[in-house]
Amino acid sequence: MQDRRSGPERRARALMGVVAASALAYPLLVCAVQLLVAQLLTVDVRAIIAWLALGLLCSVALVGAVRWGAARRVLSPWLLLGVAPPALFELWLTWPVLTT
């Protein structure tokens, strides 16, 4: 497949993708810190689930923005497969709290 866009248009789209992805970096960091606090300091199951879902949404949106900027297909099974190890780790951390 050949891209029919001009050079400046491709560069502008790539820069917009980078700006959108960098705008999602701070919310992702906030989600990570809040998730750490919810797991280690307060042990709040609702907060753990909420911050984990929001962090997952931010990370998928970040990858989607980068892929959109590169003019690649956004939906990918590898994206969902890459989310599996952190999700399993979070389940392992919260399992004792969920079962008690």
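Please treat every number below as a calculation from the coordinates, not as lab data. Small disclaimer: the values here were computed from a predicted structure and weren't measured. Please note: Cβ atoms are built from the backbone with ideal geometry, for glycine as well, and neighbour counts cover all protein chains shown.
Points to keep in mind about this one:
- Projected label points at residue 37 and residue 6, each 7 Å from Cα along the beta carbon direction, are separated by 4.9 nanometres.
- Cα long-axis angle, helix 45-69 against the chain (0 to 90 degrees, to the nearest 10): 10
- For Rg/Rh (Cα atoms, Kirkwood Rh), calculated from these coordinates, the label among [x] 1.17; [y] 1.13; [z] 0.98: [y]
- Computed from Cα atoms, the angle from the helix 7-23 axis to the main principal axis of the chain rounds to 10 degrees.
- The longest stretch of the chain left intact once loop-based trypsin sites (Lys or Arg not before Pro) with at most 16 other Cβ atoms within 10 Å are removed from consideration, loops following DSSP, is 6-71.
- FRET efficiency for the pair residue 87 and residue 14, taken as 1/(1 + (r/R0)^6) with r the Cβ-Cβ distance and R0 = 30 Å, rounds to 0.50.
- Estimated vicinal HN-Hα couplings, Hz - the range 90-99 in sequence order (Karplus 6.51, -1.76, 1.60; Gly, Pro = x): 5, 5, 5, 5, 8, 4, x, 6, 6, 8
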